[in-house]
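The next block holds one structure in the form of C-alpha cells; read it before the comments.
Just so it is clear, none of the values below were taken in a lab; they were calculated from the coordinates. Please read all numbers here as calculations on a predicted model, not as lab measurements. Cβ atoms come from the backbone with ideal geometry, glycine included; neighbour counts cover every protein chain shown.
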Amino acid sequence: MDLMRDTKLRNKTCCVHHTTGQAQCTQIQTILPQETTTPQHSSNMASSSPIMFIFVAFLFAASSLSPVLSHPIPSDSGHHRPTANQTFHPGLQLQKLKRVRAYLRKINKPAVKTIQSPDGDVIDCVLSHLQPAFDHPQLRGKKPLDPPERPKGHDSINTVSEAFQIWMNSGESCPEGTIPIRQTTEKDILRASSIKRFGRKLRRNVKRDSTSSDHEHAVVFVNGDQYYGAKASINVWAPHVADQYEFSLSQIWIISGSFGNDLNTIEAGWQACIYTLFGPELYGDNYPRFFTYWTTDAYQATGCYNLLCSGFVQTNNKIAIGAAISPRSSYNGRQFDIGLMVWKDPKHGHWWLEYGSGLLVGYWPSFLFSHLGNHANMIQFGGEIVNTRSTGFHTSTQMGSGHFAEEGFGKASYFRNLQVVDWDNSLLPLQNLHLLADHSNCYDIKQGKNNVWGTYFYYGGPGRNVKCP
C-alpha cells in the first residue's frame, strides 16, 4: 500500500449532474413468497481479498466528495470548501462569466421541442445525432446504433413501468428520434467548483489507505475471471444525508485495469445528497437520482457523469439520466427497486445500459476504453457514503435505508438477483463472491441466497451510533 500513497486523484462530485424529475421503478412489495419472507442468510460477513482492499482503498481516494461552493463564479481549480472573505475582482469575474456563457453555448444542443417541467426544469428534446456524445471525433457524423442482442437468460420485457419522471407530468413528451436532456443553466455551472471540472471528478492530494479516507463502503464483489457485464435489482430509498459535502449512493461497478492510472470503470446506480446541482432553495430534497459515470484513466482526465461530455450515447426518448427516482421505499412499508443491467454487445463491443423493465438507455462506445475494450476483471455491487466528520464525530449520513442488514426485508436495503455476463453473452449467478464492510459498526452487509431472489444481500446502516462514535 505504501506505493499507492499521496497520489493526485479526482473526487466524486455529489449530484453535479442531476436532472430533477422522477424515474421508473418496480414495486416489489410481494416479491417474496411466504416461505421466503425470511430467507436464510449466509454466515460470512464482510470477508475480502487483497485485490479488493486495493480497489476499495482506490475508490476512497478516487471518489472523494466535491463541494458545492459559494464562489460567485467558478474557478479553474477545485477547492474543497468555500473560503471566507474572498476578494471580489469585477474584471476577473466578468471574464469568467463570459467563459461560462461560452461553455453553455457548447453543451446546450439545439432543441426541436422544449418542455417546461412542473418542478422548474426545462427539458430539451434534442435530435439523437446531435447529443453531446457526437461531438467526439470518432462519432461525429454518425447516428446511434440499433439495439443489440440481450444476454441469454435475460427475462425483462420492453415496457415502461408505472412510475415516470416529473417532467412527463406536463403531459408532453419528446418525439421519436430525440432524447430528453435537461437544459444546463448558468446557475448550474456557477454552483460547480470549476468550469473545467463541471460534471467530472476533482483532484486533491490523498492517501490511498482506508484509515485516512472519508469514504466508506459495504459491497459484494467478484474477481479473478473475465466478465462481460452485470445485472441486479437495487432497492430504492431516500437516505438522510447529514452534510452538504456528503452523499450516499448504491450502484454497480464494472471494473478493469491495474488500479493505477489505467483504471477503467463504468458505473450506474442511484445517489442522494443534500444539495442537488440546482440548490436546496429550489427543491430542498435528498431524493435518490439515477446516474451513470465512466473513466478510462482513473478519473484523471477522461469521463463524466451522465451526458455532460462526449461519451455515453443515449438511444431512448423516455428517460432523462440524472432524474429523481420515485416512488421510494419506506420502513415497514411498500418496497420498490429498479433493475439495472450493463453488458458488452458481442457484435460491436460497446457496453450497453438497461434500466427498469427492459428500457435500453444507451451505450458507452468501446473505443472510449483501454482495458474495458476487452472485458472487465472485477464486478462490484453495493453502497458507499462520504464521512467528512464535520462535527468531529462520525457522520449520521445513512447508507441504504439507514438500518443494518440484520433487520431484513422492509427495513434494510438490498440488492437482489445478482448476476454476471460471461464470454458467451449468458447471464450467470455469482460464484466465489466476497463481502466487505469497511466499518461494520457503522454500515454492514449480509449475503444470502434463495430460489426467488437468487444471490442477494442486505446492507447499510445509520452511521453514527453508540458503537460508531
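Which order do the peptides 179-188, 429-438 take when ranked by the mean count of other beta-carbon atoms within 10 Å per residue, highest first?
On the way: 179-188: 20.8, 429-438: 18.6.
Top to bottom by mean Cβ count within 10 Å: 179-188, 429-438.
Assigning unit charges at the beta carbon (Lys, Arg +1; Asp, Glu -1) and nothing else, what dipole magnitude in debye, to the nearest 20, does segment 354-458 show about its Cα centre? Please list the in-between numbers first.
Working: 5 positive and 8 negative charges, 38 e Å.
Magnitude of the dipole: close to 180 debye.
Sort 93-103, 331-341 by the packing proxy (mean of other Cβ within 10 Å over each peptide's residues), most packed first.
Values: 93-103: 14.2, 331-341: 19.0.
Ranked by mean Cβ neighbours within 10 Å, highest first: 331-341, 93-103.
Over the alpha carbons of segment 283-368, what is the largest minus smallest coordinate on each principal axis, giving the biggest first in Å?
For segment 283-368, the Cα spread along each principal axis is 45, 29, 24 Å.
Starting with the highest mean, order 441-449, 386-394, 454-462 by the number of other Cβ atoms within 10 Å, averaged over the residues of each peptide. Write out the running numbers ahead of the final one.
On the way: 441-449: 22.7, 386-394: 16.0, 454-462: 25.2.
Packing proxy ranking, top to bottom: 454-462, 441-449, 386-394.
For segment 312-469, what number results from the quotient of the Cα radius of gyration and 2.2 N^0.38 Å?
On the way: Rg = 17.9 Å, N = 158, 2.2 N^0.38 = 15.1 Å.
Working it through for segment 312-469, the quotient is 1.19.
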